[in-house]
Amino acid sequence: MFDYETKNLRNVCLISHGNAGKTSLCEALLYKAKATDRLGKVLDGNTVSDYDAEEIKRKISINTTIEPLEWKGVKINIIDTPGYFDFVGEQIEGVEAADNAVIMVSGKSGVSAGTERSWDFAQAKNMPVMFFINKLDDHKANYQKVLEELKDNFGKSVAPCLFPIKDGDDFIGFIDIVSMQAKMFNKDGSITFEDIPENMQEIAQTNRDMLMEAVAEVSDEFMEKYFDSGEFTDDEITYALKHGVKEGTFVPVLCGSVLKGIGIEILLDYMRKYFCNPLEAGTVIGENPKTGDAAEIEADRDKPLCAKVFKTIVDPYVGKMSFLKVMSGTLCADSTVYNSTKGENEKIAKLYVMRGKKQFDVPKLYAGDIGVTAKLLCTDTSDTLCSAKEPVVLEKIDFPEPVLSLAVIPKAKGDEEKISAGLNKLVEEDPTFKVYQNKETKQTIIAGTGEQHLNIITTKLQNKFGVAVELAEPKIAYRETIKKKVKVEGKHKKQSGGHGQYGHVWIEFEPCDSENLVFEEKVFGGSVPKNFFPAVEKGLRDSVKSGVLAGYPVVNLKATLVDGSYHSVDSSEMAFKTAANLAYKAGLAQADPVLLEPVGRLKVKARNDYTGDVVGDINKRRGRVLGMEPKDKNITEVEAEVPMGEMAKYAIDLRAITNGRGKFSFVFDHYEEAPYNIRDKVVAESKKQ
């Protein structure tokens, strides 16, 4: 099953919004192709692709998996991807490995944000697309409504190829819009070809007209004929399917019911006939790392080796597993390859083809195929493996930056090192996951694409590395400053037998523009000897690390040493440092101290019909809208300044406001004075700690 020529390979990713039925479709495809002997169900927790314990528990896909099958002389690598927004990194990895995409749409809920995102992923890679409208056995399903939504959203190239025939709630057959025949299901599983029922002639013709319109989009010649006659021959329609699908100018719409196994065989046939093999997917452009010259990579098994790692799994027992696609040449087990991204050689021991969690040893992988190898030492996701004699580096996969950050709190003391080691391992397998230490707040911060994503991370941390943590909103890095000028005294005098301690200063404190402390001295007559000036400055620089309101660093402060006194025996650097600290505490308390909060620059892109809600939400967060600018069709960008303390879970809230259709960026911009209610709240919390 595993030794297929490149021309007989199809790499197909299943992408969609969550809960459209991708995993169930994958299960049905495997079963129909006799790759499995039973039909697993998501609710029963026994599907091939959702084998992870958390996937079984939550009844959702979390990981991208590869499920190869054979169909009429062709090997189809089905790539099942998660649908929920929190696992967008997994979706991107699946799309990276694919040459074609089946976008699933629910016949009940229709086009969603996930449908639009799936289309954008496919278009970014210029890959052939088919739509599969699922759940048509449900009485709430409306095929025609969903079809029209697809055309409205994705253009005239969207072409209905099937139309469901229902008897009440029963799904009893299809109208084949290409041949204009009815295909009726028999109880024994066979199909009878009949004339289209009279009461469906009109809807069939409506869909036929849509099909003709899509065929016309394939070429200028076809468009001219369409304007002349409005019809095409069967041969011309077949040509449109064969060439238009591969060129992206024709997007077939199929339909069925995955749970009832309806439409599965037709989908497999369409994949085999009309989707492109890796040779037809076109060349990939890389770069020679030695010369910087562009290099064309062809899916030819006889060319030099080039493979790309598109996914990594880190297992504490097995080690690192690298999922890769052979872009060119042949990758052999028990061989040495060159990681051109890192500039290091890697030893390939064994090669596997995966189906779910099952591994099948293979001696080699040809151009266009997908497989796995284990225990590579320096290779990460996005790295290129190639021949050292003819090195090439492929473009790295573009993953989104994290949008949600939370602080990690150990449940048990002493687990900090284990937590750090585990989190760093998880970073290796998830490019959308980041970990960093906030030195100011002394918190470990993890960042990801959503709340569910980070919850899964903590579960993996416990299951794989045996450490439990809680998540909390990160502390905000406030600052403090003063609003008026004061002159204060600081005197440190202590006598305890022998040498005493004596330091005495007068210091003026005032606001300034510099973020860091500005220290000056204007002492006359030697009241404070010059050799103690550095001690006074050092005492002040130590002091500004903690403000008098809530203990946050002090900024925009100027301190001028103007007077003081000393003792020839008892004065010391330590005494003057202490005196400076006493003056600091007294002075800032009198100088109208204020709390400064960090403010970020927010940019939100959303559809025009969501703009009002987006702006209203910004106002609730004490934000200031700076401007609104039209972007793409029906899209507006809102720019605003918002306090960072109001943005902890903005990613979750924006997703709810825009039904998943909003995008945003948020970066720190400046500090400004916090309102009294915020100041009082922060001060009260600091006193509790």
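Figures for the structure shown
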{"quantity": "Those strands (runs of 3 or more DSSP E) lying entirely in segment 22-136 with at least 2 residues of a type outside the set (D, E, K, R), within 22 Å of VAL309 (Cα to Cα) and in contact with an Asp or Glu (Cβ under 9 Å, 6 or more places away or on another chain)", "calculated": "65-71, 74-80"}
{"quantity": "Within segment 492-503, tally of residues that are within 19 Å of LYS585 (Cα to Cα) and touching a helix residue (DSSP H, G or I) at 6+ places or on another chain (Cβ under 6 Å)", "calculated": "3"}
{"quantity": "Filtered residues of segment 555-566 (kept if part of a loop (DSSP other than H, G, I, E, B) and closer than 13 Å to VAL528 by Cβ)", "calculated": "TYR566"}
{"quantity": "Among the residues listed as LYS41, LYS59, the single one being surrounded by fewer than 23 Cβ atoms within 10 Å (Cβ to Cβ), under 24 Å from LEU426 (Cβ atoms), in the same structural domain as PRO82 (by TED's automatic domain parsing) and not acidic (Asp, Glu)", "calculated": "LYS59"}
{"quantity": "Hey, VAL486 out of contact with any Ser or Thr (no Cβ under 7 Å at 6 or more places or on another chain), surrounded by 19 or more Cβ atoms within 10 Å (Cβ to Cβ) and in contact (Cβ under 8 Å) with a residue 40 or more places away in the chain or not", "calculated": "no"}
{"quantity": "Residue within segment 205-223 that is touching a strand residue (DSSP E or B) at 6+ places or on another chain (Cβ under 7 Å), under 20 Å from SER257 (Cα atoms), outside the structural domain of GLU265 (by TED's automatic domain parsing) and not aromatic (Phe, Trp, Tyr) present", "calculated": "yes"}
{"quantity": "Search result, residues across segment 224-251 that are without any contact (Cβ under 8 Å) to a residue 24 or more places away in the chain, surrounded by fewer than 14 Cβ atoms within 10 Å (Cβ to Cβ) and in a helix (DSSP H, G or I)", "calculated": "GLU224, PHE227, ASP228, SER229, ASP235"}
{"quantity": "Options LYS425, LYS460, LYS464, LYS442: the member that is modelled with pLDDT under 95, among the basic types (Lys, Arg) and touching a Pro at 6+ places or on another chain (Cβ under 7 Å)", "calculated": "LYS464"}
{"quantity": "Of all residues in segment 1-19 being crowded, with 19+ Cβ neighbours inside 10 Å and aliphatic (A, V, I, L, M), the one that is farthest from ASN455 (Cα to Cα)", "calculated": "LEU9"}
{"quantity": "Of residues in segment 333-362 being assigned to a loop (DSSP other than H, G, I, E, B) and of a type in the set (A, V, I, L, M, F, W, C), the one surrounded by the most Cβ atoms within 10 Å (Cβ to Cβ)", "calculated": "ALA333"}
{"quantity": "Scan of segment 526-557 for residues that are of a type in the set (Lys, Arg) and in contact (Cβ under 8 Å) with a residue 12 or more places away in the chain, ordered by number", "calculated": "LYS538, ARG541"}
{"quantity": "Subset of segment 503-539 (residues that are among the β-branched types (Val, Ile, Thr) and under 26 Å from ASP592 (Cα atoms))", "calculated": "VAL505, ILE507, VAL518, VAL523, VAL536"}
{"quantity": "Residue identified as at pLDDT below 95, in a strand (DSSP E or B) and of a type in the set (Asp, Glu) among GLU280, GLU296", "calculated": "GLU296"}
{"quantity": "Segment 567-604: number of residues that are assigned to a strand (DSSP E or B) and at pLDDT below 95", "calculated": "1"}
{"quantity": "Given (1) loosely packed, with under 15 Cβ neighbours inside 10 Å; (2) farther than 21 Å from HIS139 by Cα; (3) not hydroxyl-bearing (Ser, Thr, Tyr), index of the condition ASN199 fails", "calculated": "(2)"}
{"quantity": "GLU480 vs. criteria within 14 Å of GLY539 (Cβ to Cβ) and acidic (Asp, Glu)", "calculated": "no"}
{"quantity": "In segment 612-635, the residues that are modelled with pLDDT of 95 or more and β-branched (Val, Ile, Thr)", "calculated": "VAL614, VAL615, ILE618, VAL625"}
{"quantity": "Residue that is farthest from the chain's Cα centre (by Cα) [pool: residues in segment 556-580 that are crowded, with 17+ Cβ neighbours inside 10 Å and of a type in the set (S, T, N, Q)]", "calculated": "SER571"}
{"quantity": "Exclusive hit being of a type in the set (Lys, Arg), more than 20 Å from LYS246 (Cα to Cα) and out of contact with any Pro (no Cβ under 6 Å at 6 or more places or on another chain), set LYS108, LYS72", "calculated": "LYS108"}
{"quantity": "Residue identified as crowded, with 24+ Cβ neighbours inside 10 Å and at pLDDT 90 or above among LYS22, LYS34", "calculated": "LYS22"}
{"quantity": "Number of positions in segment 399-424 that are free of Cβ contacts under 8 Å to residues at least 40 places away in the same chain and within 14 Å of GLN462 (Cβ to Cβ)", "calculated": "1"}
{"quantity": "Options VAL435, VAL427; residue that is aliphatic (A, V, I, L, M), without any contact (Cβ under 8 Å) to a residue 12 or more places away in the chain, outside the structural domain of ALA656 (by TED's automatic domain parsing) and over 26 Å from VAL604 (Cβ atoms)", "calculated": "VAL427"}
{"quantity": "Matching residues, segment 29-40, being aliphatic (A, V, I, L, M) and within 17 Å of ILE66 (Cβ to Cβ)", "calculated": "LEU29, LEU30, ALA33, ALA35"}
{"quantity": "In segment 210-223, the residues that are acidic (Asp, Glu), surrounded by 14 or more Cβ atoms within 10 Å (Cβ to Cβ) and part of a helix (DSSP H, G or I)", "calculated": "GLU213"}
{"quantity": "The lone exception for VAL544 - which of (1) over 17 Å from VAL562 (Cβ atoms); (2) at pLDDT below 95; (3) of a type in the set (Val, Ile, Thr) it fails", "calculated": "(2)"}
{"quantity": "Positions within segment 301-332 being modelled with pLDDT under 95, assigned to a loop (DSSP other than H, G, I, E, B) and hydrophobic (A, V, I, L, M, F, W, C), in sequence order", "calculated": "VAL318"}
{"quantity": "Odd one out for GLY660, checked against (1) at pLDDT below 95; (2) out of contact with any strand residue (DSSP E or B) (no Cβ under 7 Å at 6 or more places or on another chain); (3) surrounded by fewer than 17 Cβ atoms within 10 Å (Cβ to Cβ)", "calculated": "(3)"}
{"quantity": "Residue that is in contact with a Lys or Arg (Cβ under 9 Å, 6 or more places away or on another chain), closer than 15 Å to VAL408 by Cα and among the small types (Gly, Ala, Ser), where the choices are GLY448, GLY547", "calculated": "GLY448"}
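Each row is one residue, and each column tells you yes or no for (1) under 54 Å from the mean Cα position of the chain (by Cα); (2) under 24 Å from TYR502 (Cβ atoms); (3) surrounded by fewer than 17 Cβ atoms within 10 Å (Cβ to Cβ).
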site	(1), (2), (3)
PHE519	yes, yes, no
PHE524	no, yes, yes
PRO534	yes, yes, yes
LEU582	yes, yes, no
ALA591	yes, no, no
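The values are calculated or read from the model by the stated rules, or taken from the named source; none is laboratory data. Quick caveat: nothing in here was measured; it's all calculated off a predicted structure. Note that each Cβ is placed from the backbone with ideal geometry, even for glycine, and that neighbours are counted across all protein chains shown.
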